[in-house]
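In what follows, a structure is listed as structure tokens, so that the remarks can point back to it.
The values are calculated or read from the model by the stated rules, or taken from the named source; none is laboratory data. A quick note: this is a predicted structure, and the numbers were derived from the prediction, not measured. All Cβ positions, glycine included, derive from the backbone under ideal geometry; neighbour counts span all protein chains shown. All accessible areas refer to the heavy atoms of the entire protein, side chains included, with ligands and DNA or RNA removed. Shrake-Rupley method; radii C 1.70, N 1.55, O 1.52, S 1.80 Å.
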Amino acid sequence: MKRRNQFMGMVCLLACCCGCSGRPEGAVRLPIVRIDTVGVYGTPRTVQFPGCVRAAQEVNAAFKVGGTLRTIFAEEGEFVRRGALLAALDARDYRLQAEAAEAEYKRVKAEAERVMALYADGAATPDAYDKARYGLRQITAKYENSRNQLADTEIRMPFDGYVQKRLFDPSTVVGAGMPVLTVVSAEAPEIEINIPGSEYVRRSEFDGFEAAFDFWPGKRIPLRLRSISPKANANQLYTLRLGVPADLRPLPSPGMNTMVTIVCRPSGPAQVAVPAVALFDDGDRTCVWICREDSTVVSREVRVERLQTGGEAVVGAGLAAGERIVTSGVHRLREGEKVAPLPGVTKTNVGGLL
């Protein structure tokens, strides 16, 4: 019985303590709400496509005339300066033809000059003068053509670069225009990718290009757009050629594979997105609560463009990115009321369970 009386006394004492520990009389309890920052809708999207490194210039070098291949002066993989001799034909016949054309040219030229001199003195007829003049023009063209054909028995390097492949060996008879050597330039290469039509029609949104290589882990190379093919290939894809920075060292070699990321800016005017639960109706207006620096709230009318399936509302007017709005408890607030932001989850309160 004595223990029972002691226990009841402790209960009464605790009850008294609890009653005395309440809020002071007249204290105001602030509404606790969630505050979020307005974010930009339509952040830049990225798409990736596989690409291949191509030489900035690749030429199949060929003779303009046919003949027997006499000498190739460069080996595969050799660096060659612009203008250096790459290959030559057996030029005996073309040299003889040029010598004969030169002799005939000199003879006709001397005769034409003599007739023109006589015509100037009034001792030759106009008909003789015209024949001499046109004859000289004809033999001059023939002589120049023979000289050009002799010069065309040589192939010279069109730019500083490398011999990629030899297609024929000396003593082979090659025709005019038949490729003999493949050469590539030594300047900064290009990267070629192919994109589908769905991305091609949105090419005006392309805002940047980056390449990633396996031998450069974590490094992204900025690229510059050089050209976009206006016509699809046999696979219904459009080809983009992207330039690699010239000061990049080491430069990627033609034939290497890469992955290219295209950064696309949002289309249309800038918009913002807010959680749909932040919206409330005020008569015929759609509004949100703006949280000021002093933690008071004011309503603001917004124009909602559309609602997303993920629970976001796209706002076309009335809000700016970076503003703070109330996103919970919006239907029990009053204009100018002061609120208490809901504390965020701390690192030690994983999952917000405490």
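Key figures
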quantity: Hits in segment 91-143 - residues which are open to solvent by 50 Å² or more (accessible area, probe 1.4 Å) and closer than 30 Å to residue 165 by Cα; calculated: 92, 93, 95
quantity: Hey, residue 143 in contact (Cβ under 8 Å) with a residue 40 or more places away in the chain, among the hydroxyl-bearing types (Ser, Thr, Tyr) and either within 30 Å of residue 187 (Cβ to Cβ) or in contact with a Ser or Thr (Cβ under 6 Å, 6 or more places away or on another chain) (or both) or not; calculated: no
quantity: Tally of residues being in contact with a helix residue (DSSP H, G or I) (Cβ under 8 Å, 6 or more places away or on another chain) and more than 19 Å from residue 294 (Cα to Cα) across segment 312-332; calculated: 2
quantity: Pairs with Cβ under 9 Å, 6+ apart, first in segment 91-109 and among the β-branched types (Val, Ile, Thr), second not in a loop (DSSP other than H, G, I, E, B); calculated: 108/132; 108/135; 108/136; 108/138; 108/139; 108/140
quantity: Strands (runs of 3 or more DSSP E) contained entirely in segment 204-284, each with at least 2 residues that are among the β-branched types (Val, Ile, Thr) and modelled with pLDDT under 90; calculated: 271-275
quantity: Single residue of 308, 271 found to be of a type outside the set (A, V, I, L, M, F, W, C), out of contact with any helix residue (DSSP H, G or I) (no Cβ under 6 Å at 6 or more places or on another chain) and crowded, with 17+ Cβ neighbours inside 10 Å; calculated: 271
quantity: Residue under evaluation residue 150, criteria (1) buried (at least 17 other Cβ atoms within 10 Å of the Cβ); (2) outside any helix (DSSP H, G or I), criterion not met; calculated: (2)
quantity: Residues that are assigned to a loop (DSSP other than H, G, I, E, B) and hydrophobic (A, V, I, L, M, F, W, C), drawn from segment 159-203; calculated: 159, 167, 168, 176, 178, 186, 188, 201
